[in-house]
Amino acid sequence: MGLFTEALYLGVGFAAVVLGLVAALTHPGRRNILAFLLGVSAGLVAMQIFRIHIFTFLAVAWVFLPGRARNRGAHKLVAALVGAALLLASTTLLGNLVNSPTLGLQLLALAGSAALLALTANRRDVTAMLWGLLVVSTVGSAVGVLQVFQVIPMDLWHLHVSSIGRPTGIYPEPDWLGMFSGMGVLLTWRLSMSRAAKVGLFLPNVTVFVLAMARASWIALLVCIVAAGVASAIRRRRRSASVAVSGPQRGRRAAVVIASVVALAAFAAVPQLQEDIAARASTLVGTVQEDDISGQARIRQNDSLIELARSIPIYGHGLSSAGRVGVWGQIDTLGESQNNVASNWVLGMWVDGALFAVPLIIYLVGLAFARVRSIPGQLLLFALVCSLFSNAVFFPVTWLLVGLAIIAGQPDNIDGLPPQVQVRARHRLEGAPAAYRG
């Protein structure tokens, strides 16, 4: 891509953002519009202005809108989040292998954005944000489908993994597409919508979820299903009445049937595809084979991270130091690395902050499991499991989900609405935010 084309894309993108903000801040329904845009921006990984993600700008603008909620019950969790983020960010001033001092500021900006959402969002806002995330995930999946059919040209990734290539959609690599399409699958399954919408949104997401061949996403989905099932079983045992948490049923059966028919047709048309998927799935268990390039690379990266962690002060080597571990596990302690984070977010944070990172690690994992019955909590767990293989912890989507998961445990969290609207909101959101409640 030439400089002119890059400048054109940046110019068009910046203009679209400005126009979108103007419309969002002047339109009578600006609160819903901005909430939707927040969800959309969270699903974009590289949309930044002056190295600050547009998600953060939108979150700040969000605070100045009228009608915001006052979620007093979220104050303690928000304070704990900000404190944990500050502690880890402080290691950029202490560590000896800091690669990018600005990563600490980015962490604080993302944590601050999550805090703002947790303090000011009501249920209607949450629904709009989740729909924004669903729409951008579906757009990415639709682009991925068009890439598979060569309607949109793409460079074929990993032909040794898939005979038709792994699509990338609107993301830099297939693993990110797999993660966001997986989120699209979960959102389509659990949000309330018409039968036609559920089928139309489920099909591209589940198709690309399979074709992206992202093993981390497959594992993450299984973990989420098991964790949500266990949490629901525990809740039913503790309560005399069963509480439905699976979300609205309408359209699910039709979506599964149509997806199954499409899968059978695809396997009949491309017999090799079935073998590719089976071979890829078989690598989820057992030892990593020598010809599994990405698997071997991650093993080397983890070994190098463990090596770095053997000689580490209590505050770690400094936030971003884990990025000095290269793709094939080489450690570059001189100069500046192109990466600032490790592929495994837990090992990476331990190298970055050691004991200073533990509070944030515990906070994120604990929040995800505590809210796993809710939509944001389940999606947060999905993102964290994916990040054990391809780190998305510094993506805005993780922090959108953190903010929404914080208030998922507040069933009466609709302070910003009049009483009569609260009643209608509780009834209308019985499918999504009843499933949304933790």
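Helices (runs of 4 or more DSSP H) fully within the stretch 73-153 that include at least 1 residues being without any contact (Cβ under 8 Å) to a residue 24 or more places away in the chain and basic (Lys, Arg): 75-89. If you go through the stretch 93-120 and keep only what is among the β-branched types (Val, Ile, Thr) and either touching a Phe, Trp or Tyr at 6+ places or on another chain (Cβ under 6 Å) or farther than 22 Å from Val60 by Cβ (or both), you end up with just Val98. Within the set Asp332, Asp352, the sole residue that is buried (at least 17 other Cβ atoms within 10 Å of the Cβ) and touching a helix residue (DSSP H, G or I) at 6+ places or on another chain (Cβ under 6 Å) turns out to be Asp352. Criterion applied to Ala254, Ala227, Ala197, Ala212 was being aliphatic (A, V, I, L, M), more than 15 Å from Val143 (Cβ to Cβ) and either at pLDDT below 90 or surrounded by 21 or more Cβ atoms within 10 Å (Cβ to Cβ) (or both), and the one residue passing it is Ala254.
Is it true that some residue in the stretch 126-146 is modelled with pLDDT under 90 and out of contact with any helix residue (DSSP H, G or I) (no Cβ under 9 Å at 6 or more places or on another chain)? There is no residue in the stretch 126-146 that is modelled with pLDDT under 90 and out of contact with any helix residue (DSSP H, G or I) (no Cβ under 9 Å at 6 or more places or on another chain).
Only residues that are at pLDDT 90 or above and of a type in the set (S, T, N, Q) were counted across the stretch 164-191, and they come to 2. Take the residues in the stretch 199-214 that are in contact with a Pro (Cβ under 9 Å, 6 or more places away or on another chain) and part of a helix (DSSP H, G or I); name whichever of them is farthest from Pro396 (Cα to Cα). Within the stretch 199-214, the match that is farthest from Pro396 (Cα to Cα) is Leu211. Residues that are surrounded by fewer than 23 Cβ atoms within 10 Å (Cβ to Cβ) and not in a helix (DSSP H, G or I) within the stretch 374-388 comprise just one, Leu388. With respect to the conditions (1) in a helix (DSSP H, G or I); (2) buried (at least 16 other Cβ atoms within 10 Å of the Cβ), Ala233 falls short on a single one, namely (2).
This table checks each residue for (1) modelled with pLDDT under 50; (2) within 17 Å of the chain's Cα centre (by Cα).
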{"site": "Gly353", "(1), (2)": "no, no"}
{"site": "Tyr363", "(1), (2)": "no, yes"}
{"site": "Ala383", "(1), (2)": "no, yes"}
{"site": "Leu401", "(1), (2)": "no, yes"}
{"site": "Arg428", "(1), (2)": "yes, no"}
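Can you find a residue that is closer than 15 Å to Val223 by Cβ and basic (Lys, Arg) anywhere in the stretch 369-386? Within the stretch 369-386 (the criterion being closer than 15 Å to Val223 by Cβ and basic (Lys, Arg)), the answer is yes, since at least one residue qualifies.
Evaluating Leu105 against the criteria (1) modelled with pLDDT of 95 or more; (2) surrounded by fewer than 24 Cβ atoms within 10 Å (Cβ to Cβ) leaves one unmet condition, (1).
Identify all residues within the stretch 162-198 that are outside any helix (DSSP H, G or I), among the hydrophobic types (A, V, I, L, M, F, W, C) and within 23 Å of Ala281 (Cα to Cα); write none if there are none. Scanning the stretch 162-198 gives a single hit, Ile164. Taking the conditions (1) among the β-branched types (Val, Ile, Thr); (2) under 28 Å from Ile49 (Cα atoms); (3) part of a helix (DSSP H, G or I) in turn, Val393 satisfies each one other than (3).
The values are calculated or read from the model by the stated rules, or taken from the named source; none is laboratory data. Everything numeric in this text was worked out from a predicted model, so none of it was measured. Positions of Cβ are generated from backbone atoms using ideal geometry, with glycine treated the same way; all protein chains shown enter the neighbour counts.
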